[in-house]
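Colleague: Pasting in a structure now, in structure tokens, and then I'll have a few things to ask.
The values are calculated or read from the model by the stated rules, or taken from the named source; none is laboratory data. What you see is a predicted model; the values in this text were computed from it and never measured. A quick note on method: Cβ atoms are made from the backbone with ideal geometry, for glycine too, and the neighbour counts reach across all protein chains shown.
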Amino acid sequence: MLTRLVLCLAALVPLSALAPLPALAEEFQPVTAEAAFLALVEGRQLRIGLLGLGLQIGSGGQITGRAAGQDITGTWVWQDGFFCREMAWGSNAIPYDCQLVEVKGSNEIRFTVDRGVGDDATFVIR
């Protein structure tokens, strides 16, 4: 009886349907050019909802935003394929750091400190 069921199912389901499917999830891809970076972020907001964090990165080298009721200000430059910035959150200085930038799809961007070897933060692009 079990053999008959297996044979019936085999006739109905092509073997290709049993093969592993390719990964449908997109992977993060590095952003290495300033123009590509600006195309992603200019005029948009970068958000981390759980932290109430919102940033805007302007083409003139400015960073503005707000998190946990405090203003965020800063400046940035693109250098050797990295986003290099210094910022302040309220009265707390955030030291200069160059970060690897990666994008997934058109709505996620990830920054990894210490030129890509440190901690990272993923933002939703709105």
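Colleague: Out of (1) on the phi > 0 side of the Ramachandran plot; (2) among the aliphatic types (A, V, I, L, M); (3) crowded, with 16+ Cβ neighbours inside 10 Å, the odd one out for residue 101 is which?
Modeller: Single failed check for residue 101: (1).
Colleague: Return only the number of the condition from (1) under 17 Å from residue 124 (Cα atoms); (2) of a type outside the set (Ser, Thr, Tyr); (3) modelled with pLDDT of 90 or more; (4) not in a loop (DSSP other than H, G, I, E, B) that residue 35 does not satisfy.
Modeller: (1)
Colleague: Please work out which residue is farthest from the chain's Cα centre (by Cα), limiting yourself to the stretch 106-123 and to residues that are surrounded by fewer than 14 Cβ atoms within 10 Å (Cβ to Cβ) and within 15 Å of residue 44 (Cα to Cα).
Modeller: Going through the qualifying residues, I end up with 106.
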